[in-house]
Amino acid sequence: MKNYLLLLWVMVPAIIWAQAPDRTMYYSQAANHFEEALVLGNGRIGATVHGGVQSDKIFLNEATLWAGSPVDPYMNAEAYKHLPAVREALRQENYRLADSLNRRHLQGKYSESYAPLGTMYIEMGHGAETSNYRRQLDLSTAISSTTYQQAGVTYTREYFISYPQQVMLIKLSASQTGKLSFKLRFNSLLPNQVKTEANVFSASGKAPSHAEPNYRRSDNPLQYDPQKSMRFLTLAKIIAADGKVVRTDSTIGIQGGREAVIMVSIATSFNGFDQNPATNGKNEVALANDWLKKAEKISYANLRAAHIKDHQSFFNRVALQLAGRSSNASLPTDERLKRFAEGAKDPDLEILYFNFGRYLLIASSRTPNVPANLQGIWNHQIRPPWSSNYTININTEMNYWPAESCNLSELHQPLLGFLGNLAKTGAVTAKTFYNAGGWCAAHNTDIWAMSNPVGHFGEGSPSWANWNMGGAWLATHLWEHFDYSRDTIWLKNYGYGLLKGASQFCLDILVDDGKGNLVTSPSTSPENIFITTTGYKGATLYGATADLGMIRELFAQTIAAAKTLNLDADYQQKLSTALGKLYPYQISKKGHLQEWYHDWADEDPKHRHQSHLFGLYPGHHISVDQTPELAAACKQTLEVKGDETTGWSKGWRTNLWARLRDGNRTYKMYRELMRYVSPTPDTRYNGGGGAYPNLMDAHPPFQIDGNFGGTAAVLEMLVQSRSNEITLLPALPDAWANGSVRGVCARGGFVLNLTWVNGKLSKTEISSPRGGQTKVVYNGKSQDVRLAAKGSKVLVW
Ligand code: FUC
C-alpha cells in the first residue's frame with residue numbers, strides 16, 4: 001500500500017500544486033541589494049529587477065558590452081626565449097629562481113572587464129504604503145512580477161525578456177482607471193547621453209577602452225579612447241493603452257492611466273573578438289531600432305506567449321521530483337533558505353535550486369561565441385570582482401557542467417564557439433610564450449579571447465598568473481559535447497581541429513624528468529603553494545599533478561575523436577606513446593593524491609582549489625570501479641580539505657563526492673552550497689560560500705559558477721555516464737529515497753527517465769535520438785542496450 005501511494009505520488013504532475021514551490025521564487029519585500037533582486041535574461045540582454053514600490057530599480061546588461069578592444073597576442077613576443085632558463089632552474093631544483101624567472105618573463109597583460117550598461121528606474125507616482133506586497137520569479141515561464149495594493153488599488157508589474165523578439169517587456173497596470181502614473185529614468189556608470197522624443201527615451205554611451213581589474217591599484221583604472229571604445233544604445237518606448245504621455249528632457253512617463261507596456265531594446269557595436277568596436281563596429285543604432293520596430297508590431301499577449309513557448313522549449317526538457325512537502329514550502333524564498341540552513345527539510349527548495357541553475361543557463365548563454373561570464377550576464381559594478389571576466393582555471397568550465405546532462409546542449413555552443421576565437425590568439429601565445437605549436441590559454445580570458453598568462457608582466461603571483469592549461473581544460477568540453485550529442489559532423493568540421501591543436505600544445509611542452517617520465521615544465525597547480533623539504537614556499541615546479549591530469553584526459557579524448565573520424569593514425573600513436581610515459585599519479589605518505597611532483601606539504605591544506613582531482617571530476621580517468629586506489633586517495637584529499645570552502649569550490653566538491661559514489665556526503669555538500677548568506681552592500685571576499693536570498697551563488701562575493709556546479713551535481717547523484725556506460729542512481733542520498741527525473745542526458749547519446757521508490761529503481765526508460773549502444777549498470781547488475789535512431793526501451797532490473 002505504501003509503495004502504491006508513493007508511485008501515485010510520483011505520477012502526480014507538479015502543476016496541480018498552486019504554489020509551485022519547486023519553480024517559483026517569491027519575496028514579501030522589495031530588494032535592497034543585488035543579492036536579493038531577481039534576474040531575467042534572454043542570453044544577451046540581462047535585467048536585475050528590485051521590485052521597489054515607489055521606485056523600481058532595474059539593472060540592465062548586454063552580454064557583449066565589455067571594456068577593451070581586440071587583444072594584441074604578441075604583447076610579449078620574445079617571452080619564449082626565457083623558457084630554457086626557467087626549465088634549467090627547475091632541473092636544478094632551484095624553485096626560488098624558477099618562481100622569479102617565471103614571474104618576470106612569462107607574463108602578459110590582464111584581461112578586460114565586463115561592463116555594467118546602466119540602471120532604469122520606474123518612479124511610481126504614488127506613496128510608499130502597501131499591503132499584500134509580493135515579488136516573484138516563475139522559473140517555468142521566465143516571467144517576474146511585482147504586485148501590491150495601495151488605497152484599494154492593486155498595482156502589478158510584469159517583466160520578461162523575449163529571445164524571439166530580442167526586447168525586454170514590462171507591463172504595468174492598476175486595477176482602477178486613472179491610477180497608473182509613472183516616469184522612466186536612466187543612469188549609468190558609463191559615459192552616456194539621454195534623449196527623449198515623443199514616447200521614447202534613448203541612452204547612448206560607451207564602455208571603457210581599457211579597464212583595470214578591481215584588485216589592481218591604478219591612478220587611471222578606466223580609460224575611454226574614442227578610437228577603441230565599444231558603443232551601446234538603449235531605447236525604451238512606452239506603449240500605453242490609456243493615460244497621458246508625459247516627457248522631460250531626460251524622462252518619459254504616463255499620467256492617469258490604467259495600463260502601459262514599456263519595451264526596451266538594447267544593442268552594442270561589438271562585431272566579433274577581432275574587430276575594433278569603435279572603428280569597425282556594428283551599427284548599434286540600426287540594430288536597437290530594428291528590434292524595437294519589429295516587436296512593436298506584435299501584441300503584448302503574443303510576445304508573452306512566444307516568450308513562454310521559447311523558454312519552455314528548453315526548461316521543460318528536464319523535470320525532477322522529490323517526495324515530501326515541507327510546511328516551509330509556502331514561505332517566501334529567503335525565509336525558506338534561512339530555515340533550510342538551520343537544518344529544515346525542504347525537498348522543493350532543493351529542486352528549486354536545481355531548476356534555478358537550468359533557468360540561469362537559458363537566461364545567460366544564448367549569444368554566439370559569448371559564453372556566460374563570472375556573473376553570467378548580470379553585473380552592475382564598474383569594477384566588478386575579478387573583472388566579471390572568464391576565469392578559466394575552473395569558473396568558466398563550471399558554468400557549463402550542467403549544459404549537456406541537463407539536456408541544454410545548444411546552450412553549450414556559446415562556449416564551444418568561443419574556443420574557435422581562443423584558439424586563434426592561443427596559437428600566438430603558444431608560440432611566443434612557449435615556443436610550442438597548437439594553441440593554449442592561461443588563467444583568464446575575455447570577450448577578446450585573450451589567451452596570454454596574466455600578471456601584468458611580472459606583478460602577479462605565478463601561483464595563478466602563470467598557469468597555462470586553460471586551453472587544455474576548455475578543450476575537454478569539445479569532446480564532452482560530442483560524447484553527449486554524437487554529432488560526428490560537428491566533430492569533424494569543428495571540434496576535432498580544436499582538440500588536436502590543444503593537445504599539440506601539450507605534447508610540445510612536455511619534457512623528460514630525467515627518469516624517463518614526461519612532465520610539464522614550468523608548471524603550477526592552480527592557486528596553491530607548496531612547501532619544499534627545505535621550507536621554500538613557492539608555486540613554480542615541474543610536473544604538477546593537475547597539468548598531467550588534464551593532459552591525460554585531453555589526449556585520451558583527442559585519440560577517441562581521431563578514431564571516431566578515422567583520421568591521423570600517426571598522431572594518435574604519438575599521443576598514446578606520450579600518455580604511456582606521463583609521470584604517474586602518486587599517493588602521498590599520508591594517503592592523499594599528491595598534488596606536487598614530490599611529496600611536499602601544502603601551505604594551505606584546505607585550499608579551495610583541487611585541480612589535481614580533475615581526473616575524478618570533471619574528468620573520467622579516476623573512478624571507484626576502475627582505479628579504486630586513486631579514488632581512495634582523492635577521498636583522503638577531500639577529507640583533509642573538509643567541506644567548508646567558497647561557493648564554487650563547494651559546487652566542485654559536491655560533484656567529486658558524487659563521483660566517489662557517496663550519496664549522503666554529496667547531499668550534505670549540496671546543502672552546504674545552499675547555505676544562506678546574507679546580502680551585503682559591499683563586496684566581501686571572506687567567509688564561507690553559499691546562496692544569497694535570490695539563490696545566486698555566494699563565493700562570496702556573487703559568482704554564478706557555484707549555481708551551475710550545484711545543478712550539475714544533482715544529476716551526477718542520479719545518473720553517471722562514460723562513453724560506453726551509464727550508471728543509474730550511483731549516489732542516491734537517503735534523503736532522496738523517493739523521486740523521479742525525466743529528460744536527463746547521458747554520454748553515448750542517450751536520454752533517460754527514472755523513477756525510484758524507497759531508494760530502489762522502479763522504472764527506467766532509455767531513448768536515443770541518433771541511435772547507439774551502451775551498457776547500463778544499476779546496483780551491480782548490467783544490461784547491454786542497443787537502440788536504433790529515435791528508439792527507446794524500458795529496462796527491467
Ligand atoms: C579564481 C578563484 C577565486 C575566484 C576567482 C574568480 O581565481 O581562486 O576563488 O573564484 O577565480
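For the range 482-496, a residue qualifies if it is assigned to a helix (DSSP H, G or I) and open to solvent by 10 Å² or more (accessible area, probe 1.4 Å), and the qualifying residues are Tyr484, Ser485, Thr488, Ile489, Trp490, Lys492, Asn493, Tyr494, Tyr496. One residue is enough: does the range 731-747 have a residue meeting the conditions free of Cβ contacts under 8 Å to residues at least 40 places away in the same chain, more than 16 Å from the ligand (Cβ to nearest atom), over 29 Å from Ala560 (Cβ atoms) and outside any strand (DSSP E or B)? No: the range 731-747 contains no residue that is free of Cβ contacts under 8 Å to residues at least 40 places away in the same chain, more than 16 Å from the ligand (Cβ to nearest atom), over 29 Å from Ala560 (Cβ atoms) and outside any strand (DSSP E or B). Filtering the range 447-462 to residues that are farther than 9 Å from Tyr110 by Cβ, open to solvent by less than 10 Å² (accessible area, probe 1.4 Å) and within 15 Å of the ligand (Cβ to nearest atom) leaves Pro453, Pro462.
Take the range 751-765 and flag every residue that is open to solvent by less than 40 Å² (accessible area, probe 1.4 Å) and touching a residue at least 40 places away in the same chain (Cβ under 8 Å). Quick ask: steps written out before the conclusion?
Of the residues in the range 751-765, the ones open to solvent by less than 40 Å² (accessible area, probe 1.4 Å) are 751-752, 754-757, 759, 761, 764.
Matches in the range 751-765: Val751, Thr755, Val757.
Could you please let me know if Lys492 is over 17 Å from Asp602 (Cβ atoms) and free of Cβ contacts under 8 Å to residues at least 40 places away in the same chain? Criteria not met by Lys492.
In the set Gly470, Gly376, which member is within 12 Å of the ligand (Cβ to nearest atom), closer than 30 Å to Ala713 by Cβ and buried (at least 24 other Cβ atoms within 10 Å of the Cβ)? Break it down into steps so the answer makes sense when it comes.
Working: Gly376 fails: within 12 Å of the ligand (Cβ to nearest atom).
That would be Gly470, the only listed residue that is within 12 Å of the ligand (Cβ to nearest atom), closer than 30 Å to Ala713 by Cβ and buried (at least 24 other Cβ atoms within 10 Å of the Cβ).
Selection of the range 152-188 for residues being surrounded by 17 or more Cβ atoms within 10 Å (Cβ to Cβ), within 28 Å of the chain's Cα centre (by Cα) and at negative phi yields Glu158, Tyr159, Phe160, Ile161, Ser162, Tyr163, Gln165, Val167, Met168, Leu169, Ile170, Ser188. A single member of Asn407, Asn444, Asn435 is within 16 Å of the ligand (Cβ to nearest atom) and more than 14 Å from the chain's Cα centre (by Cα), and it is Asn444. Confirm whether Ala115 is open to solvent by 40 Å² or more (accessible area, probe 1.4 Å) and among the aliphatic types (A, V, I, L, M). In short, no.
Checking each residue in the range 110-151 for being within 23 Å of the chain's Cα centre (by Cα), of a type in the set (Asp, Glu) and farther than 27 Å from Glu335 by Cβ picks out only Glu112.
Condition first: without any contact (Cβ under 8 Å) to a residue 40 or more places away in the chain and assigned to a helix (DSSP H, G or I). Now tell me which residues in the range 549-582 satisfy that.
Applying the first criterion (without any contact (Cβ under 8 Å) to a residue 40 or more places away in the chain) to the range 549-582 yields 559, 563, 566, 569-570, 572-573, 576-577, 579-580.
Across the range 549-582, the qualifying residues are Ile559, Lys563, Ala569, Asp570, Gln572, Gln573, Ser576, Thr577, Leu579, Gly580.
Looking across the range 639-662 at every residue that is touching a helix residue (DSSP H, G or I) at 6+ places or on another chain (Cβ under 6 Å) and small (Gly, Ala, Ser), the one that is nearest to the ligand (Cβ to nearest atom) is identified as Gly647.
The condition of being open to solvent by 10 Å² or more (accessible area, probe 1.4 Å), away from the ligand (no atom under 16 Å from the Cβ) and outside any loop (DSSP other than H, G, I, E, B) holds for only one of Thr666, Thr711, Thr727, that being Thr727. Any chance the range 318-340 includes a residue that's open to solvent by less than 40 Å² (accessible area, probe 1.4 Å), within 16 Å of the ligand (Cβ to nearest atom) and out of contact with any helix residue (DSSP H, G or I) (no Cβ under 6 Å at 6 or more places or on another chain)? No, the conditions are met nowhere in the range 318-340.
Quick check on my filter: what residues within the range 90-108 are among the small types (Gly, Ala, Ser) and buried (at least 21 other Cβ atoms within 10 Å of the Cβ)? Working first, answer last.
The first filter runs over the range 90-108 and keeps only residues among the small types (Gly, Ala, Ser), leaving 98, 100, 108.
Hits for the range 90-108 are Ala98, Gly108.
The number of residues in the range 405-438 that are surrounded by fewer than 24 Cβ atoms within 10 Å (Cβ to Cβ), in contact with a Pro (Cβ under 6 Å, 6 or more places away or on another chain) and either among the aromatic types (Phe, Trp, Tyr) or over 30 Å from Asn316 (Cα atoms) (or both) comes to 2.
Only a single criterion out of (1) open to solvent by 30 Å² or more (accessible area, probe 1.4 Å); (2) in a helix (DSSP H, G or I) is not satisfied by Ala546, namely (1). Comparison of Pro384, Pro347, Pro402 shows that the only residue that is open to solvent by 10 Å² or more (accessible area, probe 1.4 Å) and either modelled with pLDDT of 95 or more or within 14 Å of the ligand (Cβ to nearest atom) (or both) is Pro347. Filter the range 516-547 down to the residues that are under 17 Å from Leu579 (Cβ atoms) and away from the ligand (no atom under 16 Å from the Cβ), then identify the one that is nearest to the chain's Cα centre (by Cα). Selected residue: Asp547.
Of the residues in the range 623-632, not one is within 20 Å of Ala539 (Cβ to Cβ), out of contact with any helix residue (DSSP H, G or I) (no Cβ under 6 Å at 6 or more places or on another chain) and surrounded by 20 or more Cβ atoms within 10 Å (Cβ to Cβ). Hey, any hits in the range 784-792 for a residue that's away from the ligand (no atom under 16 Å from the Cβ), open to solvent by 10 Å² or more (accessible area, probe 1.4 Å), touching a residue at least 40 places away in the same chain (Cβ under 8 Å) and not in a loop (DSSP other than H, G, I, E, B)? Looking for residues that are away from the ligand (no atom under 16 Å from the Cβ), open to solvent by 10 Å² or more (accessible area, probe 1.4 Å), touching a residue at least 40 places away in the same chain (Cβ under 8 Å) and not in a loop (DSSP other than H, G, I, E, B), one finds none in the range 784-792, hence no. Look at the range 602-613: where a residue is open to solvent by 20 Å² or more (accessible area, probe 1.4 Å) and a partner is aromatic (Phe, Trp, Tyr), sitting 6+ places away or on another chain with Cβ atoms under 7 Å, you get Asp602/Phe530.
Close contacts from the range 228-256, counting a first residue that is under 30 Å from Phe273 (Cα atoms) and a second that is among the basic types (Lys, Arg), with Cβ to Cβ under 8 Å and a gap of 6+ residues or different chains, come to Ser229/Lys206; Met230/Lys206; Arg231/Lys206; Phe232/Lys206. A count restricted to the range 459-481 and to residues that are closer than 28 Å to Leu416 by Cβ and part of a loop (DSSP other than H, G, I, E, B) stands at 4. Taking each residue of the range 509-533 that is farther than 15 Å from His598 by Cβ and open to solvent by 10 Å² or more (accessible area, probe 1.4 Å) and looking for partners that are within 16 Å of the ligand (Cβ to nearest atom) and part of a loop (DSSP other than H, G, I, E, B) with beta-carbon atoms closer than 6 Å, six or more apart or interchain, yields Glu527/His609. When you scan the range 245-257, do you find a residue that is open to solvent by less than 30 Å² (accessible area, probe 1.4 Å) and farther than 30 Å from Leu180 by Cα, even just one? Looking for residues that are open to solvent by less than 30 Å² (accessible area, probe 1.4 Å) and farther than 30 Å from Leu180 by Cα, one finds none in the range 245-257, hence no.
Which ones in the range 219-243 are surrounded by fewer than 20 Cβ atoms within 10 Å (Cβ to Cβ), over 18 Å from Lys171 (Cβ atoms) and of a type outside the set (Ser, Thr, Tyr)? Within the range 219-243, Asp219, Asn220, Pro221, Leu222, Gln223, Asp225, Pro226, Gln227 qualify.
The values are calculated or read from the model by the stated rules, or taken from the named source; none is laboratory data. Nothing here was measured: the structure is a model prediction, and the numbers come from that model. So basically every Cβ, Gly included, is an ideal-geometry build from the backbone, and we count neighbours across all protein chains shown. In case anyone asks, the SASA skips ligands and DNA or RNA and just uses the protein heavy atoms, side chains included. Shrake-Rupley method; radii C 1.70, N 1.55, O 1.52, S 1.80 Å.
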